[in-house]
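Could you have a look at this structure, given as structure tokens, before my questions?
The values are calculated or read from the model by the stated rules, or taken from the named source; none is laboratory data. What you see is a predicted model; the values in this text were computed from it and never measured. Here the Cβ is made from the backbone with ideal geometry for all residues, glycine too, and neighbour counts use every protein chain on show.
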Amino acid sequence: MSAMESVDGAVRTLPSIGRLSRGLLSRGLLFGGVHGRVGLSPSSRLLPPAPPSQENVDSQKTTFLLRKQWTLYSVTPLYRFSDTHLKDYARLLSAFIAAEKQKGLAVEIGVELGIKVAISSLPDLRGSDRDQAAILVQLSSRSPASPKNSEEKVIWSGWFCSVSGDDFSENVPEDFTCLPLFLANGAESYTSIVGSWFQKTFDCCFRRLAISPLNLSWMAAMWTGCKVDKTASAMELVFSVPHLPQPLDISYAIHPEDAKALWDTVQKTPGEITQEEVDVFMDCLYSHFHRHFKIRLSATKLVKVSTAIASAHCDGIIKFLQSQYLTGVLMLLTELAISQIQ
Amino acid sequence: HLATSLPLPSERDHLRPRIDMIVFMIDIKSKYSLKNVEASLAYVDASFFLGKVCFLVTGVGRVNCCSIEMNAIWKLGEIYSSPVLFCELEMEGIRVATAQRLLRMLQICAGHIPGVSALSFGSLMRSSAND
């Protein structure tokens, strides 16, 4: 059962902006290794630098990453991983997958003739030179129906990356490689096979990365502020209402220009966002909704945020929609992955 | 006595027994609960903040459902000089332990424990929390 409520673009000036009190919290400390307490999030974050006019991330190489649903995992540092041995790893992984299939663990029967594994490096996907270059793993196969020499279709992709994870990687001993974020697209059975091979081979640990409503609201605020060239799609927030006999989802769609206008009045320092600004932004949206529909969204759980830049779901699923902001989003996700590991 | 917000309705003032302790419950999954508590605090007489108020944060077992930023809660505890307790209501063991803890605090606040006053207990809790 779902209720769709949308606010049309006619409401351009949200009159409550002027009357909002700014609150006591001053610009807090930058995120510097404060971990371990329940739900602790930084009081401010630096915004990723605006994309340069000539993109240093070759958009062609990364286009295949866009508009796909990626499931997020956090990965502990890999022991004795070397990016010069990628071909060997691909061979070993391929043999492992074949062995697992023989054991009957790969579920799809009769679809693949043979799974080919390709492991490559994506040197552009990183925050700085201190980050390890991203590693892409692709499983492809040829279906029995297509002719012998036809191209193989990629049936599963997964990539490890680290964007601006240097705080974390600096404190890790010599033989370890830090690639704390893992994104997977494709059948869950392959994800678990590939995952277990990496866990066995490099003594690491994969864990699903969930995104809390608090972090989703950060994403909503951060992504609203990003400039988009083409006409942006509406900003959508999805809330799930707890404690009901039947699940109820509320979808709140906001005209992207209204959202950006609101965010521009809230954000003070360009290049930095504080928790207070995120709270003010979200409270504004909530009170606007309450005024119209008498529903308190602040008592519900924010489960999904969709903007023109990307969309994120609290179960740890992300979709990238703009290649220019890819590294920016990855930077935030890397941070979340690292805090889950520590 | 359970209330969803303060102030309590004045019609029943004459029937109500003396209030010894106020526990403000904040559900970490609901931002609204924090706002509600903040609004209700304004209706509490200042004398209660000498050890007779505490904040109970529930739902802490689920870090991934967190809708409230923890700094805001710590700040609340600091501003009102009151202890902040954490619990997970869905787990029976923790629920029972928390209830016993609150009951003990209530006994102190009501003056039933000789030699320990609400104020001295409150400052004891505060100094141990800061360690």
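Give me a count of the residues in the range A:301-313 that are more than 8 Å from every other protein chain (Cβ to nearest Cβ) and either within 22 Å of B:V63 (Cβ to Cβ) or assigned to a strand (DSSP E or B) (or both).
Count: 8.
Continuing with this model, one more query. Could you list, in sequence order, the residues of the range B:120-131 that are assigned to a helix (DSSP H, G or I), without any contact (Cβ under 8 Å) to a residue 40 or more places away in the chain and closer than 26 Å to B:R62 by Cα?
Scanning the range B:120-131 gives a single hit, B:S128.
Within the range B:36-51, is there a residue that is away from every other protein chain (no Cβ under 14 Å), out of contact with any helix residue (DSSP H, G or I) (no Cβ under 6 Å at 6 or more places or on another chain), of a type outside the set (S, T, Y) and touching a residue at least 60 places away in the same chain (Cβ under 8 Å)?
Checked the range B:36-51: no residue is away from every other protein chain (no Cβ under 14 Å), out of contact with any helix residue (DSSP H, G or I) (no Cβ under 6 Å at 6 or more places or on another chain), of a type outside the set (S, T, Y) and touching a residue at least 60 places away in the same chain (Cβ under 8 Å).
Might you check whether a residue that is within 14 Å of chain B (Cβ to nearest Cβ) and closer than 17 Å to A:A210 by Cβ occurs anywhere in the range A:258-273?
No.
State the number of residues belonging to the range B:30-51 that are at pLDDT below 90 and surrounded by 21 or more Cβ atoms within 10 Å (Cβ to Cβ).
Going through the range B:30-51 one residue at a time, the tally reaches 1.
Hey, among the residues in the range B:59-72 that are more than 15 Å from A:A210 (Cβ to Cβ) and assigned to a helix (DSSP H, G or I), which one's farthest from the other protein chains (Cβ to nearest Cβ)?
Restricting to residues being more than 15 Å from A:A210 (Cβ to Cβ) and assigned to a helix (DSSP H, G or I), the top hit is B:A72.
For the range A:285-303: of the residues being among the hydrophobic types (A, V, I, L, M, F, W, C) and buried (at least 19 other Cβ atoms within 10 Å of the Cβ), which is farthest from B:I68 (Cα to Cα)?
Let us first name the residues in the range A:285-303 that are among the hydrophobic types (A, V, I, L, M, F, W, C), namely A:285, A:289, A:293, A:295, A:297, A:299, A:302-303.
Pick out the ones that are also buried (at least 19 other Cβ atoms within 10 Å of the Cβ) and you get A:285, A:289, A:297, A:299, A:302-303.
Working: A:L285: 16, A:F289: 19, A:L297: 13, A:A299: 11, A:L302: 12, A:V303: 14 Å.
In this case the residue turns out to be A:F289.
Of everything in the range A:102-129 that's crowded, with 18+ Cβ neighbours inside 10 Å and not acidic (D, E), which residue is modelled with the lowest pLDDT? Before you say what the answer is, go through the steps one by one.
We begin by selecting, within the range A:102-129, every residue crowded, with 18+ Cβ neighbours inside 10 Å; these are A:106, A:112, A:115, A:117, A:119, A:122, A:125-127.
From what is left, the residues that are not acidic (D, E) are A:106, A:115, A:117, A:119, A:122, A:125-127.
On the way: A:A106: 54, A:I115: 83, A:V117: 91, A:I119: 92, A:L122: 88, A:L125: 82, A:R126: 81, A:G127: 79.
Result: A:A106.
Look through the range B:1-26, keep the residues that are within 30 Å of B:V63 (Cα to Cα) and over 12 Å from the mean Cα position of the chain (by Cα), and return whichever of them is farthest from the other protein chains (Cβ to nearest Cβ).
B:H1
Another question about this same structure. Hey, among the residues in the range B:73-119 that are polar (S, T, N, Q) and part of a loop (DSSP other than H, G, I, E, B), which one's surrounded by the most Cβ atoms within 10 Å (Cβ to Cβ)? Break it down stepwise before answering.
We begin by selecting, within the range B:73-119, every residue polar (S, T, N, Q); these are B:81-82, B:98, B:100, B:107, B:117.
From the residues that got through so far, the ones that are part of a loop (DSSP other than H, G, I, E, B) too are B:81-82, B:117.
On the way: B:S81: 13, B:S82: 24, B:S117: 15.
Restricting to residues being polar (S, T, N, Q) and part of a loop (DSSP other than H, G, I, E, B), the top hit is B:S82.
Across the range A:180-193, what is the total count of residues that are touching a residue at least 24 places away in the same chain (Cβ under 8 Å) and either of a type in the set (S, T, Y) or crowded, with 23+ Cβ neighbours inside 10 Å (or both)?
Residues flagged as touching a residue at least 24 places away in the same chain (Cβ under 8 Å) and either of a type in the set (S, T, Y) or crowded, with 23+ Cβ neighbours inside 10 Å (or both) within the range A:180-193 amount to 7.
Something else: I'd like to check something: does the range A:230-249 contain any residue that is surrounded by 22 or more Cβ atoms within 10 Å (Cβ to Cβ) and either of a type outside the set (A, V, I, L, M, F, W, C) or free of Cβ contacts under 8 Å to residues at least 60 places away in the same chain (or both)?
no
If you check every pair at least six apart or on different chains, which have Cβ atoms under 6 Å apart with a residue in the range A:159-177 that is within 14 Å of A:L78 (Cα to Cα) first and a residue that is modelled with pLDDT under 90 second?
A:C161/A:L125; A:S162/A:D131; A:S162/A:Q132; A:T177/A:Q132
Report, by residue number, each residue of the range A:250-284 that is surrounded by 18 or more Cβ atoms within 10 Å (Cβ to Cβ), of a type in the set (D, E) and within 13 Å of A:W223 (Cα to Cα).
Correct list: empty.
Considering only residues of the range A:198-223 that are touching an Asp or Glu at 6+ places or on another chain (Cβ under 9 Å) and more than 9 Å from chain B (Cβ to nearest Cβ), which is modelled with the highest pLDDT?
A:R208
Outside any helix (DSSP H, G or I) and in contact (Cβ under 8 Å) with a residue 12 or more places away in the chain - does that describe any residue in the range A:290-300?
yes
List the pairs whose first member sits in the range B:77-97 and is away from every other protein chain (no Cβ under 14 Å), whose second member is assigned to a strand (DSSP E or B), and whose Cβ atoms are under 7 Å apart, counting only residues at least 6 apart or on separate chains?
Matching pairs, first to second residue: B:S82/B:V53; B:S82/B:C54; B:S82/B:F55; B:P83/B:C54; B:R95/B:C87.
Moving on to the next point. Kindly list the number of the only condition in (1) of a type in the set (D, E, K, R); (2) within 10 Å of another protein chain (Cβ to nearest Cβ); (3) more than 30 Å from A:L183 (Cβ to Cβ) that fails for A:D279.
With (1) of a type in the set (D, E, K, R); (2) within 10 Å of another protein chain (Cβ to nearest Cβ); (3) more than 30 Å from A:L183 (Cβ to Cβ) applied to A:D279, the lone miss is (3).
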